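Structure record follows, encoded as structure tokens.
The values are calculated or read from the model by the stated rules, or taken from the named source; none is laboratory data. Here the structure is a predicted model, which is why all the values come from computation and not from measurement. A quick note on method: Cβ atoms are made from the backbone with ideal geometry, for glycine too, and the neighbour counts reach across all protein chains shown. What goes into the accessible areas is simple: the full protein's heavy atoms, side chains included, and nothing from ligands, DNA or RNA. Shrake-Rupley method; radii C 1.70, N 1.55, O 1.52, S 1.80 Å.
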2 protein chains.
Amino acid sequence: MSVSRPGSSLNEIATLLGVSSATVSNALAGKGRVSAELADKIRATAASLGYTPSMTGRALRTGRTQVLGLVLPNIANPLFPQIAQAIEQAASKAGYGVLIADSHGDIAAQTAAINRLIERSVDGIVVVPRRGTRVADIGRPVAVIDSPSTPGNTVSADHWQGGQAVVDHLAELGHRSFLLIGNNPDSNVQNDRIGGMKSRLPANGRAEVLWIENHEKNKGKGAPLGLKDKVAEGFTAFCAVSDLHALRALTELQGAGIAVPEQVSVTGFDDLVFSSVITPSLTTVRMDMGTIAEIAIAALSRAIETETKALPEQLRTTSGTLVTAEQKSVPMALVVRQTSGRRALTPQKMDLLPEGEHR
Amino acid sequence: MSVSRPGSSLNEIATLLGVSSATVSNALAGKGRVSAELADKIRATAASLGYTPSMTGRALRTGRTQVLGLVLPNIANPLFPQIAQAIEQAASKAGYGVLIADSHGDIAAQTAAINRLIERSVDGIVVVPRRGTRVADIGRPVAVIDSPSTPGNTVSADHWQGGQAVVDHLAELGHRSFLLIGNNPDSNVQNDRIGGMKSRLPANGRAEVLWIENHEKNKGKGAPLGLKDKVAEGFTAFCAVSDLHALRALTELQGAGIAVPEQVSVTGFDDLVFSSVITPSLTTVRMDMGTIAEIAIAALSRAIETETKALPEQLRTTSGTLVTAEQKSVPMALVVRQTSGRRALTPQKMDLLPEGEHR
DNA sequence: CCAGATTGCTTAATCGATTAATCAACAAGG
DNA sequence: CCTTGTTGATTAATCGATTAAGCAATCTGG
């Protein structure tokens, strides 16, 4: 396998074979009219020279850079690796490179990040928007991955259904009192997950939502969530909208001497990297980022193609923005591990038992 | 703030003002000889048109794309967000975009990923190599971020010193028996961390290394690490080379009814996102990725500049590869949280006490 | 008052690939 | 035999910015 030599262009091959560069271009692209034998010869020498077309030259002529931008609300997000990996893979398969841009949390920076990408003339952009953000209209196709209930969403996991799966699973195990743990009520994703969970409460069930951000605004950042009290109130199922919060809940419960899953159950979302290695391992819901990414990239590249095709000097609309896919939501999969178990017989009195009864 | 209009080029500004495009280019670049008033007028109309230079056109002419590649061993790595964020920020500040490439774990894919970046003609590459990998010689500047003891390393955290800080801290708290938990003995980073820890064992101290990969090869993936037995053997300090393993150890210990930090201490590395939210929060060592990234990018852009300057038809060396920085290792900072505490008075007998004594 | 320097701008080539337009050669049909 | 069609290639323009070279006009010094 020869490394791409910078010293080979269409022209070089052309002069070497005594033909014009146009013919070489046609031969390699399989377009135009080139005799079969010459085409063969051209391909052979191109291969022997380790010729790699210059993306730059091509981009200048065609107006397509074959690069997509990926804008994330916060690269430090623990979910980011999954997203980036899936997008990179899907994009790569579709012939695109991926340029990353961190919107760094705040909204102005998100716009700035998008503009930087546009200046680098990306062909399209994948945005995982910061909660509550609307993506401004830019002159390029944009795929949004957020939640089905976000206006303009292209494709995403079916968070609502994921929430349903969690509560169905726990109800089956006998649980009736659910403490739903979210971080921020402005997030569409979190609201969907919580909404889905609420929608499947069993007949005699009850649910309460604990928003961590509100809680910390009162009690201070990093303050205990007071879950021991919640257990005393009879809650036996602690369902977080993220594995991160689930882990927080789990360790707080364990620290308070409450046994998981013997006394109470804990569930999360997203199957973050640590979820399978902790003890007890975390029951969670995983999204199929591979499929989501592929749908997003497919929708995007379709839009890019039709855009460039429909632009022979026509109306210069700030064309195609929010891209849509046929399948707008991808089911989530419940991953049952060790933190979810059958409801204890007398959950209400459990906290009165001596500590350390677990295991 | 006007969004970049695709409909404005140097030529457009030129014809609009009745001058040549060369003059416009010179005026905006501050090069050549342009009268002050004309330059002002040009800048003004450029601004009013929302002119953005075409990176593509410029790249074709100058041979510099202002894009760097970032190759990671595995995007799913929990440390990836920190790295990517820091690199993106430093690169962005230096005027570069960042193209990501997942080497997907295996070594062949790492080479393939690098080649894909080269085909996109990036100006340079930042590689966080897969353990034990040597980066092949490509025709572009490469900055390697791994460990000071890796040959060809450009810059990295001082993992050895980080390990020292951990053991110094725990020795101060009275600990003498250290169980060092690593994943894979082939990793230079992990070896440095463990080496640093061993180098600071107190006079009457002892240390044993538990390699998780070996352990799992025998006992099966996800098998308990048997830490309860280790506690019985008298170990009071459990020092992992990553927060992920520390979390695994912590939850296993807690599940076995061993109190942290009252009975034993646990430490990690890297200050992963969950480390501050768990109970008890994890004592760890953080690397200054911001500084590391800046040093790497600075070294890289220096190499890129001298490379293009020294290329006026000179020897076509497969020029400048492994880039070096002046400061090759950046100190790590100990973050003391709740999992590290003073050694219990009678640690050797602790396991004989009834469970649930903690808190 | 004129050679030479300086200033201010234009011409034109270049980077590499793509593609519409053109052209020569030859074949087939009326 | 002349017209039309087809094949296989070349020419040349184009994308947008950069930059060496060139050319007037103005200024400077002796």
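Brief remarks follow.
- Residues of the stretch A:219-256 that turn out to be farther than 26 Å from A:Arg286 by Cα, open to solvent by less than 10 Å² (accessible area, probe 1.4 Å) and not in a helix (DSSP H, G or I), as a count: 1
- Residues (more than 10 Å from DNA strand D (Cβ to nearest atom) and among the small types (Gly, Ala, Ser)) located in the stretch B:37-69: B:Ala39, B:Ala44, B:Ala47, B:Ser48, B:Gly50, B:Gly69
- Test for B:Gln110: is it within 20 Å of A:Ser103 (Cα to Cα), within 14 Å of another protein chain (Cβ to nearest Cβ) and among the polar types (S, T, N, Q): no
- Those residues of the stretch A:164-193 which are assigned to a helix (DSSP H, G or I), open to solvent by less than 30 Å² (accessible area, probe 1.4 Å) and touching a residue at least 60 places away in the same chain (Cβ under 8 Å), in sequence order: A:Ala165, A:Val166, A:Val167, A:Leu170, A:Arg193
- Residue among A:Thr284, A:Thr279, A:Thr291 that is in contact with a helix residue (DSSP H, G or I) (Cβ under 8 Å, 6 or more places away or on another chain) and either more than 11 Å from chain B (Cβ to nearest Cβ) or in a helix (DSSP H, G or I) (or both): A:Thr284
- Within the stretch B:59-74, residues that are free of Cβ contacts under 8 Å to residues at least 40 places away in the same chain have Cβ atoms under 7 Å from residues that are surrounded by fewer than 23 Cβ atoms within 10 Å (Cβ to Cβ) in these pairs: B:Leu60/A:Thr56; B:Leu60/A:Gly57; B:Leu60/A:Leu60, counting only partners at least 6 apart in sequence or on another chain.
- Meets criteria (surrounded by fewer than 16 Cβ atoms within 10 Å (Cβ to Cβ), among the small types (Gly, Ala, Ser) and near DNA strand D (Cβ under 8 Å from one of its atoms)) for A:Ser20: yes
- Any chance B:Leu38 is at pLDDT 95 or above, near DNA strand C (Cβ under 10 Å from one of its atoms), more than 23 Å from A:Thr56 (Cα to Cα) and of a type in the set (A, V, I, L, M): yes
- Number of the exception - A:His104 against (1) surrounded by 24 or more Cβ atoms within 10 Å (Cβ to Cβ); (2) within 13 Å of chain B (Cβ to nearest Cβ): (1)
- Checking B:Ile13 against (1) near DNA strand C (Cβ under 9 Å from one of its atoms); (2) away from chain A (no Cβ under 14 Å); (3) buried (at least 19 other Cβ atoms within 10 Å of the Cβ), the condition it does not meet: (1)
- Index of the failed condition, B:Asp270 passing every other in (1) modelled with pLDDT of 95 or more; (2) surrounded by fewer than 21 Cβ atoms within 10 Å (Cβ to Cβ); (3) more than 9 Å from chain A (Cβ to nearest Cβ): (2)
- Some residue of the stretch A:131-154 being assigned to a loop (DSSP other than H, G, I, E, B), under 25 Å from B:Pro78 (Cα atoms) and modelled with pLDDT under 90: yes
- The set of residues in the stretch B:91-119 being farther than 18 Å from A:Lys93 by Cα, within 18 Å of the chain's Cα centre (by Cα) and assigned to a helix (DSSP H, G or I) consists of B:Ala91, B:Ser92, B:Lys93.
- Qualifying residue in the stretch B:26-37 (condition: part of a helix (DSSP H, G or I), touching a Gly at 6+ places or on another chain (Cβ under 8 Å), among the polar types (S, T, N, Q) and open to solvent by less than 60 Å² (accessible area, probe 1.4 Å)): yes
- With respect to the conditions (1) over 30 Å from B:Ser242 (Cα atoms); (2) more than 16 Å from DNA strand C (Cβ to nearest atom); (3) within 14 Å of another protein chain (Cβ to nearest Cβ); (4) open to solvent by 30 Å² or more (accessible area, probe 1.4 Å), B:Ala47 lacks only one, and its number is (3).
- Of all residues in the stretch B:194-203 being open to solvent by less than 30 Å² (accessible area, probe 1.4 Å) and among the hydrophobic types (A, V, I, L, M, F, W, C), the one that is farthest from the other protein chains (Cβ to nearest Cβ): B:Met197
- Selected residue (only one of B:Ala86, B:Ala91, B:Ala59 is within 16 Å of DNA strand C (Cβ to nearest atom), facing chain A (nearest Cβ under 10 Å) and crowded, with 21+ Cβ neighbours inside 10 Å): B:Ala59
- Where a residue in the stretch B:26-46 is on the phi > 0 side of the Ramachandran plot and its partner, wherever it lies, is within 13 Å of DNA strand D (Cβ to nearest atom) and open to solvent by less than 80 Å² (accessible area, probe 1.4 Å), with Cβ under 7 Å and at least six apart: B:Gly32/B:Asn26
- Checklist (1) out of contact with any Ser or Thr (no Cβ under 7 Å at 6 or more places or on another chain); (2) of a type outside the set (Ser, Thr, Tyr); (3) open to solvent by 10 Å² or more (accessible area, probe 1.4 Å); (4) in contact (Cβ under 8 Å) with a residue 24 or more places away in the chain applied to B:Arg206, failing item: (1)
- Residue pairs meeting the criteria (Cβ under 8 Å; at least 6 apart or on separate chains; first free of Cβ contacts under 8 Å to residues at least 12 places away in the same chain, in the stretch B:253-266; second crowded, with 23+ Cβ neighbours inside 10 Å and among the hydrophobic types (A, V, I, L, M, F, W, C)): B:Gln254/B:Val260
- Flag for A:Val122 being more than 20 Å from B:Pro81 (Cβ to Cβ), open to solvent by less than 30 Å² (accessible area, probe 1.4 Å) and facing chain B (nearest Cβ under 10 Å): yes
- Candidates are the residues of the stretch B:125-163 that are acidic (Asp, Glu) and surrounded by fewer than 24 Cβ atoms within 10 Å (Cβ to Cβ); the one that is nearest to the other protein chains (Cβ to nearest Cβ) is B:Asp137.
- Some residue of the stretch A:246-255 being modelled with pLDDT of 95 or more, over 17 Å from B:Val260 (Cα atoms) and within 11 Å of another protein chain (Cβ to nearest Cβ): yes
- Matching residues in the stretch A:75-89 - criterion: being part of a helix (DSSP H, G or I), in contact (Cβ under 8 Å) with a residue 40 or more places away in the chain and under 12 Å from the mean Cα position of the chain (by Cα): A:Pro81, A:Gln82, A:Ile83, A:Gln85, A:Ala86, A:Ile87
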